Structure formats: structure tokens, C-alpha cells
């Protein structure tokens with residue numbers, strides 16, 4: 001777990017010195033088996049254009065690098081993820097969809113173990129943009145996509161606060 005978090009922190013430092021980070025965020029949530037989630041997020045937007053007018057939809061997106069901790073009161077699990085996030089924006093309204101990769105510890109709890117450390121995380125989200133902040137809610141599913149059995153997966157509902165650095 002410590003090695004995964006250290007590797008993710010190293011990537012974050014490299015990205016921030018290379019000026020590819022234009023936003024930071026925090027995500028908190030709850031998942032199956034009373035699993036709590038705390039995730040730190042760095043983002044890099046694909047386009048640096050102005051926000052769309054109130055009556056126009058705009059396609060946008062960003063790269064998301066995340067480091068998370070899952071805690072189910074029995075054990076804690078580290079999560080490192082990299083996800084391209086696709087967005088539709090209209091005024092302050094934001095709709096998101098994403099599929100990315102995650103590295104997680106395979107032993108989640110006495111009731112849940114993943115067969116592979118490589119997992120896929122997909123989510124749908126809804127949010128609002130207000131000044132330099134984005135506020136949102138996401139529904140996320142993490143599983144290995146059926147590449148190996150067993151594939152129990154886990155579902156989360158999260159709240160997100162994101163600060164745009166630019």
C-alpha cells in the first residue's frame with residue numbers, strides 16, 4: 001500500500017512541475033459493505049476554452065489522476081487511478097462519464113477480495129460549476145471487467161469538490 005501511494009505521489013510531483021495540473025479535488029463517498037472512500041484528485045483539462053453560454057452545450061474533458069483510500073472498518077485499501085473524463089457542459093451544469101484504470105490492493109475485507117490488482121473504474125456524474133469551483137456527485141463502479149474470476153466489484157456514491165487552478 002505504501003509503495004502504491006508513494007508512486008502516485010511521485011507522479012503528482014512530476015506532473016505539477018511539468019505544469020500539466022490545472023485542478024485539484026477531494027472526493028468522499030460510501031460504497032458496498034459500508035466501505036468509506038477518501039480520494040485526492042489532480043486534473044488536466046483537454047481544452048482551456050471559456051465556459052459555454054447558458055443555452056449552449058459544449059463537449060469537454062480532462063485527465064484525472066487519483067490517489068484514494070478505502071476503509072471498511074476492518075481494513076484499509078489503497079487505490080491509484082488514471083481516468084479520462086468526458087464532460088458535457090451547459091452554463092453551470094456539468095454531466096460526466098468516464099472509464100479508467102485503477103490499481104488496488106486485492107484484499108478488501110473478509111467478505112470481498114479482488115482477483116486482480118488491475119481494476120476498471122467507470123462513473124457517471126452530475127455537477128455544477130461556480131467560479132473556480134466544481135461541486136458534484138458521482139456513482140462509480142470498480143471491477144476487473146470480467147478478465148479474471150472472481151469479479152465481485154464494488155460500487156460507490158461520492159461527493160466531489162474540485163478547485164480550478166487557472
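Here are the numbers for this structure:
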| read-out | value |
| --- | --- |
| Pair residue 55, residue 149: separation of 7 Å Cα→Cβ label points (nm) | 5.6 |
| Cα→Cβ-extended label distance, 7 Å offset, between residue 28 and residue 47, nm | 3.4 |
| Efficiency of FRET between residue 166 and residue 126 - r from beta-carbon atoms, R0 25 angstrom, step 0.05 | 0.60 |
| Least to most buried among 63, 70, 46 (fewest other Cβ within 10 Å first) | 46, 63, 70 |
| For segment 53-163: rounded, prolate or oblate by the Cα gyration tensor [a/c cutoff 1.5] | prolate |
| Segment residue 115-residue 157, length gained on full extension (0.36 nm per residue, minus Cα span) | 12.8 nm |
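A short reminder: the numbers here are calculations on the coordinates, not readings from a lab. Quick caveat, the model's predicted, so the values are computed rather than measured. No Cβ is skipped: glycine too gets one built from the backbone with ideal geometry, and neighbour counts run over all protein chains shown.
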